[in-house]
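The values are calculated or read from the model by the stated rules, or taken from the named source; none is laboratory data. Please read these numbers as outputs of a predicted model, since none were measured by experiment. Counting neighbours? That spans all protein chains shown, and the Cβs are built from the backbone with ideal geometry, glycine included. SASA here: full protein model, heavy atoms, side chains in, ligands and nucleic acids out. Shrake-Rupley method; radii C 1.70, N 1.55, O 1.52, S 1.80 Å.
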Amino acid sequence: MLQTASQSRSTTHGKFIWCELMTPDTTASGAFYSSVVGWKVKEIGMPDLPAYFLFEMGEGDNCPGIGGMMNFPPELEGKLPPNWTGYVAVDDVDKTCQEVTSLGGHVQRAPEDIPGIGRFAVIADPHGAVLCIMKPVPMETPPTELGPQDPGNVGWHELYAGNGEEALDFYNKIFGWTLDHAMDMGPMGKYNIFAYNGQAIGGMMTRPQDMPPCWVYYFNVPLIDTAIERVKAGGGQILNGPMEVPGGAWIIQATDPQGAFFCLVGARG
């Protein structure tokens, strides 16, 4: 049975706040996603750290940041495929890591500080799906946030879990996510739509046998067919779709030219 989230947690604990691409070619990846999703790419410099790039939507100096991008650090080069990873805000990174391990999960990278940005760690749930957690440094002037369905934003977060029911219970205890409702997908099993602060933000299902436990991210685009053309023109590959989902939206699953798996969601017309 799902437990309720601790009453001592803030309203930002459990909120997806960032999405990060690790790639062997930031120049090519930046050009690809700018074309497909509409982001602009901005390089930021941080002392003693590799080059980091922001994905932003809109114009001006304080436009919404959707995520970031970096080249593989030397210690990971050749050990991981290109990938997208989500960041979830927590009130206390060290305490959350302790809770993760107590519930059978793993800390893949111990908590550490990024000066001026926040404290973060990399965790994996009991079946191996990876997320980053972070307590950001408060900003004097926070950027404007996009709405859940606005173009360029992450519109959906999806977990291919080792076990869908066990995963929902784990993340409820760690982040306070709750079951919004479940969908019967026939032979594919149950699709558990989960909510953060009462708002549905994603779904979890037991993974297909040929897919490792992992999180995937759906980026909003205005028109799915136009985006498909840009994916193909940019050297990406469509793996699945377009497929209609409840609510009238259409989705695709794809890989970018460097091999990172990503998804898009948008209207068709």
Point to revise | Counted charge near VAL137, where neighbours are those whose Cβ lies closer than 12 Å (Asp, Glu -1; Lys, Arg +1) | key: 0
Exercise for review: Starting from the Cα-Cα distance between ASP150 and MET185, subtract it from 0.36 nm times their residue separation and give me the gain in nm to one decimal.
Suggested key: 9.9 nm
Revision key, fill the gap. Heavy-atom accessible area of segment 1-137 with neighbours in place, 1.4 angstrom probe: carbon+sulfur share in percent works out to 55
Practice item. Starting from the Cα of GLN237, step 7 Å toward the Cβ, then list every residue of segment 59-73 with an amide N under 15 Å from that point. Key: none
Review point. Using heavy-atom solvent-accessible surface (probe 1.4 Å) with all chains present, what is the largest-first order of ASP150, ASP184?
Key: ASP184, ASP150
Exercise for review: Take peptides 97-109, 190-202 and line them up by average Cβ neighbours within 10 Å, highest first, as a rough protection proxy.
Suggested key: 190-202, 97-109
Review point. Among (i) 63, 44, 35; (ii) 50, 47, 37; (iii) 59, 42, 38, which one is Cα extents along the principal axes in Å computed from these coordinates?
Key: (ii)
Practice item. Report the FRET efficiency, 1/(1 + (r/R0)^6), for ASN163 and LEU80, where r is their Cβ-Cβ distance and R0 is 35 Å, rounded to 0.05. Key: 0.90
Check your understanding: How much net charge surrounds THR12 when only the other residues with a Cβ under 10 Å from the Cβ of THR12 are counted, with Lys and Arg +1 and Asp and Glu -1?
Key -> +2
Check your understanding: Here are some pairs, LYS79/LYS190; LYS95/LYS135; LYS135/LYS173; LYS79/LYS135; LYS15/LYS173; LYS15/LYS135; which of them have Cα atoms lying more than 21 Å apart in this structure?
Key -> LYS79/LYS190; LYS79/LYS135
Point to revise | the chain: most fluctuating residue of LEU179, LEU80, LEU21 per GNM, C-alpha cutoff 10 Å | key: LEU80
Exercise for review: Amide H neighbours of GLY68 under 5 Å, at least 5 residues apart or on other chains, H built in the peptide plane: list them.
Suggested key: CYS19, GLU20, LEU21, PHE55
Point to revise | Over the chain, relative contact order from alpha-carbon pairs under 8 Å, at least 6 apart, % | key: 18
Practice item. Send over a whole-number figure in Å² for the accessible area per residue of the chain, probe 1.4 Å. Key: 50
Point to revise | Length released on extending from MET139 to SER8, taking residue separation times 0.36 nm less the Cα-Cα span | key: 44.9 nm
Exercise for review: Heavy atoms only, probe 1.4 Å: what % of the accessible area of segment 164-241 goes to carbon and sulfur, would you let me know?
Suggested key: 51
**Study point:** Per-pair calculated FRET efficiency, R0 = 30 Å: GLU43 and ALA267 via Cβ, rounded to 0.05
**Key:** 0.40
